[in-house]
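Heads up, the thing below is written out as structure tokens.
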Amino acid sequence: MLDGEIVRGEEIEKAKTGASTLNRLVRAYSDHQAALFKSQPVRTLLDIVLSSNPAN
């Protein structure tokens, strides 16, 4: 398909579906990375609290 060959409607739909799925996956990964970045200060604070807890 990438070298200019003619494709049928079914193949085009499969390519669209694949591209859409890939786009959702990339968006989910990006959202996950943003959430991890935003949660880092809380995770650091939690580590401090847990490491100073005498029960551990």
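The values are calculated or read from the model by the stated rules, or taken from the named source; none is laboratory data. Because the structure is a prediction, the values reported are computed rather than measured. Reconstructed Cβ throughout: ideal geometry from the backbone, glycine too, with neighbour counts over all protein chains shown. Heads up: the accessible areas ignore ligands, DNA and RNA and are worked out on the full protein's heavy atoms, side chains in. Shrake-Rupley method; radii C 1.70, N 1.55, O 1.52, S 1.80 Å.
Could you please state how large a percent of the accessible area of the chain is carbon and sulfur, counting protein chains only and using a 1.4 Å probe?
Roughly 63 percent, rounded to a whole number.
Skip the ligands, DNA and RNA, and give the accessible area per residue of the chain with a 1.4 Å probe, whole Å².
94 Å²
How far, in degrees from 0 to 90, does helix 9-51 lean away from the longest principal axis of the Cα atoms of the chain, to the nearest 10?
Roughly 10 degrees between the two axes.
Ignoring everything except DSSP H segments at least 4 long, calculate the 222 nm mean residue ellipticity for the chain; use -39,500 (n - 2.57) per segment, divide by total residues, nearest 500.
Value at 222 nm, helices only, nearest 500: -28500 deg cm²/dmol.
Report the label-to-label distance for Val7 and Ser51 in nanometres (one decimal), using points 7 Å from each Cα along the Cα→Cβ vector.
Those two pseudo-labels are separated by 5.2 nm.
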